[in-house]
Amino acid sequence: MNGRLGKWVGDHIVLLVGLLVLLYMFMPIFIVVLMSFNDPASKNSYSFDGFTWHNWLNPCEPIGMCDAVTLSIRIGFLATIGATALGTLMAFALVRHRFKGRSVANIFTFLPMASPEIVMGSSLLALFVSAGFAGTLGFWTILIAHIMFCLSFVVVTVKARLAGLDPRLEQAAMDLYANEWQTFWRVTFPLVFPGILAAALLSFSLSFDDFIITNLNSGQEVTFPMYVWGAAQRGIPPQINVIGSVMFFLALFLVISSEVFQRRRARVTA
Amino acid sequence: MADSDAEDLVLTGVTKKFGTFKAVDDLDLTVPQGSFFALLGPSGCGKTTTLRMVAGLEELTAGAITLGPQDISYLKPYKRPVNTVFQSYALFPHMTIFENVAFGLRRQGKKDVKKQVEDMLELVELAQYGARKPTQLSGGQQQRVALARALINRPQVLLLDEPLGALDLKLRRAMQIELKRIQTEVGITFVHVTHDQEEAMTMADTVAVMNAGLIEQMGEPKELYEHPRTTFVANFLGQSNLIKAKVNGTDGDQIRAEIEGSTLRVPRDRAADDAAVRSGSVWVGIRPEKVFLAAGGTETSDGSNVLRRGRVTDVSFIGVSTQYLVRMPWGQELMVFEQNTGAREDFRVGDEVDLHWLPDHTFLLDADQDATAGVEREDLG
Ligand SMILES: Nc1ncnc2c1ncn2[C@@H]1O[C@H](COP(=O)(O)OP(=O)(O)OP(=O)(O)O)[C@@H](O)[C@H]1O
Ligand SMILES: [Mg+2]
């Protein structure tokens, strides 16, 4: 009896621990989704007081929240494009070209990732102010800041992908009558694309999420994380959980659909 | 350069340096149009580097490469009528097998791609695999895709960098025959790199033996085997007994060389170079399978080369033949391979034997060279 129980535990322990860890990781998200249906008794209530559709039907009810979300999405979008384009070019240069100061450049692109956000944020503010932008802090300074801190992540991600790319594939393409341009678009780019895509997604989520650097350089503008921070002082409106849930389900949808897409492609070619 | 019509591939003084290291050193090579040319040599001798220079993937440090009347030394790879089967296949992982094979045709804007690709896949027996990705194929199948992808373009020169390396023996033999058949059929010049001497000899019209960035010797397989000009070739292609001897004169068109009181005769045209003969100190070479064994003191026919008073130190029976090691009075061990015809009892370890062989099978090499150059180690099989 004891032996059988021991065996059962032995067989399932990995599964069990795995489930517990998953539970631990997803608990906050369950709470966010749950609280998006909350009908709070008072402004400062953090408990589930009753079920309602109201929050989902009136997501923009809290004053300024939807403006903050829109601003964050706009900045996230532009920062993603800027950082991905620049970072990809940098990654190509760092991996493919032998130039003087290459290893130093490598270290310097890595450095911003390692330095504390609060330091970067405040020094950036000092820079903006001393450059005479003190009165015009806002959309553009936020965007510049976001592109800056996303850049390192893009470079590192794309570089990893590029370093794993066998240069002989490009040589084979050239050997098979593809000129430099065709080689890039037919062979190099498709093979590096997953890295670029990952870098873009990472950039967006970093930008959308950022509070510390943004807070220091935003002037009068309010991004979503700043709004949530401010609201938390007064009592979080349940609509914030709606936005949180939407973001989560959107991410989930993206992950699942890319998975399905890949499976289907694998099945078609099998 | 021969007649101007021929689209021979000619390398003149081709040199490639990596830093200060010379991977290919002042190489001269002529590959006649339509021939099956094998480049044979040990690992690291510069075979791949040579091919890459012909393909345009590596820049020459010095020298020139011409194809027929055209100097292609500095042409971009995609402008050369040359295709490569890479040592590592280098199939495009994001494309199907069909698209991999179609790649070259599409870049050249050829018509009728579908039909041609299907025919080519048929030829390499991969017709049903067109829709798969390279990772879904076995190593041998990938190799055949790499071959199809290059061959479909009907280049003037096809470069094959150990294209059969990953195959098991049976498939390897089958592909060797297939490759040879394809080459004869399409009449394309094949430059085939390998370090498998048997493969080089069975397939090629001409074999060039390469060592440390240099061509040691070039010729028909039989010529190379029967008449090696360096100790490296003598040892790398098959096995050889090299016996140090002193030249002490000539008899008509035969050279006499002496070792420990025995006189060995070698036809003059089988001496690698006259300078060695004049200097007096030479290696007398004989292939182990050309040597006959006789019990010590047996009469031998006139005109044979004879070495007496050998003692058998090792006998290994390997089915079709028996391999003997015989220690000579001066301490050297010589190899003798005998067919198992059953005509005579095998010798045993300790028996005294005489070795004899025909002067026509003997060759002379310059004694300045290392007698062990190119000896294949056990682990290289
Ligand atoms: N890019 C490079 N940089 C420096 N040295 C190189 C480079 N490519 C090749 N070499 C050197 O040049 C020599 C010849 O290399 P190559 O690849 O031509 O050998 P190979 O004859 O094809 O050998 P194998 O049979 O193992 O494929 C080797 O000693 C190798 O280390
Ligand atoms: Mg090689």
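The values are calculated or read from the model by the stated rules, or taken from the named source; none is laboratory data. Note that the structure is predicted; figures quoted are calculated from it, not measured. In this analysis, Cβ positions are derived from the backbone assuming ideal geometry, glycine residues included, and neighbour counts consider all displayed protein chains.
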- Message: Out of everything in the range B:135-144 that is more than 13 Å from chain A (Cβ to nearest Cβ) and within 18 Å of B:Val117 (Cα to Cα), what residue ends up being farthest from ligand 2 (Cβ to nearest atom)?
- Response: B:Gln141
- Note on the structure: Just one listed residue, out of A:Tyr177, A:Tyr227, is closer than 30 Å to B:Leu75 by Cβ and among the hydroxyl-bearing types (Ser, Thr, Tyr), and it is A:Tyr177
- Item | Single residue of the range B:145-163 satisfying the filter (within 13 Å of ligand 1 (Cβ to nearest atom) and away from chain A (no Cβ under 12 Å)) that is modelled with the highest pLDDT | B:Leu160
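Being within 14 Å of chain A (Cβ to nearest Cβ), of a type in the set (A, V, I, L, M) and within 19 Å of B:Met218 (Cβ to Cβ), is that true of even one residue in the range B:38-51?
Yes - at least one qualifying residue is present in the range B:38-51.
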- State whether one or more residues within the range A:159-180 are closer than 30 Å to B:Leu158 by Cα and among the hydroxyl-bearing types (Ser, Thr, Tyr). yes
- Note on the structure: When the range A:15-67 is checked residue by residue, the ones that are part of a loop (DSSP other than H, G, I, E, B) and small (Gly, Ala, Ser) are A:Ser36, A:Ala41, A:Ser42, A:Ser45, A:Ser47, A:Gly50, A:Gly64
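Take B:Lys17 and tell me if it is exposed (fewer than 15 other Cβ atoms within 10 Å of the Cβ), more than 16 Å from ligand 2 (Cβ to nearest atom) and assigned to a helix (DSSP H, G or I).
When the stated conditions are applied, B:Lys17 does not pass them.
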- Quick one: how many residues across the range B:190-202 are modelled with pLDDT under 90, buried (at least 20 other Cβ atoms within 10 Å of the Cβ) and away from ligand 1 (no atom under 16 Å from the Cβ)? 0
- Message: Just to be sure before I move on: is B:Ala166 within 16 Å of ligand 2 (Cβ to nearest atom), assigned by TED's automatic domain parsing to the domain that holds B:Glu220, touching a Ser or Thr at 6+ places or on another chain (Cβ under 6 Å) and among the small types (Gly, Ala, Ser) in the structure I sent?
- Response: no
- Mind listing just one residue for me: the one in the range A:160-172 that is of a type in the set (Gly, Ala, Ser) and more than 7 Å from every other protein chain (Cβ to nearest Cβ) and, of those, farthest from A:Met90 (Cα to Cα)? A:Gly164
- Counted residues, the range B:63-93 - those being within 9 Å of chain A (Cβ to nearest Cβ) and of a type in the set (Ser, Thr, Tyr): 4
- Task: Select from the range B:35-84 the residues that are within 16 Å of ligand 1 (Cβ to nearest atom) and part of a loop (DSSP other than H, G, I, E, B) and list them in ascending order.
- Result: B:Gly41, B:Pro42, B:Ser43, B:Gly44, B:Cys45, B:Gly46, B:Gly56, B:Leu57, B:Glu58, B:Glu59, B:Leu60, B:Thr61
- Odd one out for B:Val233 among (1) closer than 27 Å to B:Glu333 by Cβ; (2) surrounded by fewer than 23 Cβ atoms within 10 Å (Cβ to Cβ): (2)
- Task: Of all residues in the range B:119-134, count the ones that are within 12 Å of chain A (Cβ to nearest Cβ) and either under 32 Å from the mean Cα position of the chain (by Cα) or closer than 20 Å to B:Val191 by Cβ (or both).
- Result: 1
- Quick check: anything in the range B:102-118 surrounded by fewer than 22 Cβ atoms within 10 Å (Cβ to Cβ), assigned to a loop (DSSP other than H, G, I, E, B) and facing chain A (nearest Cβ under 9 Å)? yes
- Scope the range B:294-310; condition closer than 16 Å to B:Ile243 by Cβ and part of a strand (DSSP E or B); matching residues: B:Asn305, B:Val306, B:Leu307, B:Arg308, B:Arg309, B:Gly310
- Note on the structure: Per the filter on the range A:151-188, residues of a type in the set (A, V, I, L, M, F, W, C) and farther than 25 Å from B:Val82 by Cα are A:Leu151, A:Phe153, A:Val154, A:Val155, A:Val156, A:Val158, A:Ala160, A:Leu162, A:Ala163
- Name, by its number, the condition in (1) without any contact (Cβ under 8 Å) to a residue 40 or more places away in the chain; (2) within 19 Å of the chain's Cα centre (by Cα) that does not hold for B:Lys47. (1)
- From the list A:Phe139, A:Phe110, A:Phe149, A:Phe153, which one is closer than 20 Å to A:Phe204 by Cα and touching a Leu at 6+ places or on another chain (Cβ under 6 Å)? A:Phe153
- Have a look at B:Val233, B:Val209 and point out the one that is within 16 Å of ligand 2 (Cβ to nearest atom) and either assigned by TED's automatic domain parsing to the domain that holds B:Glu333 or not hydroxyl-bearing (Ser, Thr, Tyr) (or both). B:Val209
- Can you tell me which of A:Thr70, A:Thr109 is farther than 30 Å from A:Arg168 by Cβ and out of contact with any His (no Cβ under 8 Å at 6 or more places or on another chain)? A:Thr70
- Message: Just to be sure before I move on: is B:Thr96 of a type in the set (Val, Ile, Thr), free of Cβ contacts under 8 Å to residues at least 60 places away in the same chain and facing chain A (nearest Cβ under 9 Å) in the structure I sent?
- Response: yes
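Yes or no, residue by residue, for (1) within 16 Å of ligand 1 (Cβ to nearest atom); (2) modelled with pLDDT under 90:
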position: B:Lys170; (1), (2): no, yes
position: B:Ala208; (1), (2): yes, no
position: B:Glu220; (1), (2): no, no
position: B:Val247; (1), (2): no, yes
position: B:Gly261; (1), (2): no, yes
- Query: Does the range A:140-156 include one or more residues that are at pLDDT below 90, more than 14 Å from chain B (Cβ to nearest Cβ) and surrounded by fewer than 17 Cβ atoms within 10 Å (Cβ to Cβ)?
  - Reply: no
- Message: Quick test of your reading of the structure: B:Tyr74 fulfils all but one of (1) out of contact with any strand residue (DSSP E or B) (no Cβ under 8 Å at 6 or more places or on another chain); (2) hydroxyl-bearing (Ser, Thr, Tyr); (3) surrounded by 18 or more Cβ atoms within 10 Å (Cβ to Cβ). Name the failing condition by number.
- Response: (3)
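Residues to consider are B:Thr66, B:Thr96, B:Thr84, B:Thr30; find the one that is within 16 Å of ligand 2 (Cβ to nearest atom), of a type outside the set (A, V, I, L, M) and either in contact with a Gly (Cβ under 8 Å, 6 or more places away or on another chain) or within 21 Å of B:Leu160 (Cα to Cα) (or both).
Result: B:Thr84 is the single residue among B:Thr66, B:Thr96, B:Thr84, B:Thr30 that is within 16 Å of ligand 2 (Cβ to nearest atom), of a type outside the set (A, V, I, L, M) and either in contact with a Gly (Cβ under 8 Å, 6 or more places away or on another chain) or within 21 Å of B:Leu160 (Cα to Cα) (or both).
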